[in-house]
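The values are calculated or read from the model by the stated rules, or taken from the named source; none is laboratory data. What you see is a predicted model, and the numbers here were worked out from it, not measured in a lab. Glycine gets a Cβ as well: all are built from the backbone with ideal geometry, and neighbour counts include every protein chain shown.
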Amino acid sequence: MLKIEALPAFTDNYIWMLLDPQSRLCAAVDPGESGPVQRWLDAHPDWRLTDILITHHHHDHVGGVQQLKATHGAKVHGPAAENIPGKDNALADGQRIRVLDQELEVIEVPGHTSGHIAYFHDNAKEPWLLSGDTLFAAGCGRLFEGTAAQMFNSLQRLAALPASTRVYCAHEYTLSNLRFAQAVEPDNQEIAGRIEQVIRWREAKRITLPTDMRIEQATNPFLRSTEPTVAAAASRHAGRQLTTPESVFTALRTWKDSF
Ligand code: ZN
Ligand code: FE
């Protein structure tokens, strides 16, 4: 069983460390800078970094790759469709890889970038997902390269994963995402409760992740475009009646961009 630990980077990124306590081997996910990972390894000299997993090509996710690879010889896994520094293993949809003796499935989730991938560990008891900048706690990534239709389909695929799936995303955006979720659904009690909890956690300097798919289904507006209240709010904001879940999603994404 792996342990998963967050290393804060920049102002609001997390570099996830996958840790195998048995072998003392570890992997870093989206190391946008090498410093936090190097300091962790310096503090844990009996551990070895063997793998680097990349979700997409943005600098805050790949900036530390070359340095870590040069120092530790770690193998770099990343999306086939994107230019990733030092990439050794080019991954496409449906591919399965073994990292730290665990199987991970690659899910292509275009939208934030056109080649973005997520990594899913299908463990009946405790499945988990590395979602990068696609699915955030209570939100989703901005559309930099892909279309709203692509992002909608990508999120639909992730939403189909088991409700117990723990979701490890790459940024601490939870509170601001929840403020938007509450503007969309002012009467959603689970959103209201989650805001109070997240405010307490942030005051205590505590990380708000991982989230899980059940909480996201209940509070993330971008997974809730089939809900009549969400569709009504998006329609009001767009100034026209939106009739499909995809058009509701698109209107929500545009609304959030200027929220
Ligand atoms: Zn990004
Ligand atoms: Fe990012």
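Per-structure values
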quantity: Residue match in region 87-103 (condition: within 13 Å of ligand 1 (Cβ to nearest atom) and either modelled with pLDDT of 95 or more or in a strand (DSSP E or B) (or both)); calculated: no
quantity: Residue match in region 117-138 (condition: more than 16 Å from ligand 1 (Cβ to nearest atom), over 21 Å from Ala27 (Cβ atoms) and in contact (Cβ under 8 Å) with a residue 24 or more places away in the chain); calculated: yes
quantity: Near pairs, Cβ below 6 angstrom, 6+ apart or cross-chain, from region 66-95 (in contact (Cβ under 8 Å) with a residue 24 or more places away in the chain and within 19 Å of His112 (Cβ to Cβ)) to any residue that is assigned to a loop (DSSP other than H, G, I, E, B) and of a type in the set (Lys, Arg); calculated: Gly78/Lys87
quantity: Scope region 1-31; condition closer than 18 Å to Gly64 by Cα and either away from ligand 1 (no atom under 16 Å from the Cβ) or among the aromatic types (Phe, Trp, Tyr) (or both); matching residues; calculated: Glu5, Ala6, Leu7, Pro8, Phe10, Tyr14, Trp16, Met17, Leu18, Cys26, Ala27, Ala28
quantity: Where Leu104 falls short, out of the listed (1) farther than 21 Å from Ile191 by Cα; (2) among the aliphatic types (A, V, I, L, M); (3) crowded, with 23+ Cβ neighbours inside 10 Å; (4) touching a residue at least 60 places away in the same chain (Cβ under 8 Å); calculated: (4)
quantity: Any hit, region 63-70, residues being of a type in the set (D, E, K, R), within 18 Å of the chain's Cα centre (by Cα) and either surrounded by fewer than 22 Cβ atoms within 10 Å (Cβ to Cβ) or within 14 Å of ligand 1 (Cβ to nearest atom) (or both); calculated: no
quantity: Answer residue from region 150-182, given it is more than 16 Å from ligand 1 (Cβ to nearest atom), among the hydroxyl-bearing types (Ser, Thr, Tyr) and within 14 Å of the chain's Cα centre (by Cα) and is surrounded by the most Cβ atoms within 10 Å (Cβ to Cβ) among those; calculated: Thr174
quantity: Selection count where residues are more than 16 Å from ligand 1 (Cβ to nearest atom) and surrounded by fewer than 19 Cβ atoms within 10 Å (Cβ to Cβ), scope region 42-62; calculated: 8
quantity: Search result, residues across region 104-142 that are in a strand (DSSP E or B), touching a helix residue (DSSP H, G or I) at 6+ places or on another chain (Cβ under 9 Å) and not aromatic (Phe, Trp, Tyr); calculated: Ile107, Glu108, Ala118, Leu129, Ser131, Gly132, Leu135, Gly139, Cys140
quantity: Condition met for Leu41 (touching a Phe, Trp or Tyr at 6+ places or on another chain (Cβ under 7 Å) and outside any strand (DSSP E or B)); calculated: yes
quantity: Criterion (out of contact with any Cys (no Cβ under 9 Å at 6 or more places or on another chain) and under 27 Å from Pro31 (Cα atoms)) met by exactly one of Ile191, Ile195, Ile207; calculated: Ile207
quantity: When residues of region 85-101 are limited to those that are more than 22 Å from Arg48 (Cβ to Cβ) and not acidic (Asp, Glu), the one surrounded by the fewest Cβ atoms within 10 Å (Cβ to Cβ); calculated: Gly94
quantity: Residue in region 43-58 that is within 16 Å of ligand 2 (Cβ to nearest atom), charged (D, E, K, R) and touching a strand residue (DSSP E or B) at 6+ places or on another chain (Cβ under 8 Å) present; calculated: no
quantity: Of the criteria (1) modelled with pLDDT under 95; (2) closer than 19 Å to Asp93 by Cβ, which one Ala124 fails; calculated: (2)
quantity: Residue among Gly78, Gly32 that is in a strand (DSSP E or B) and within 16 Å of ligand 2 (Cβ to nearest atom); calculated: Gly78
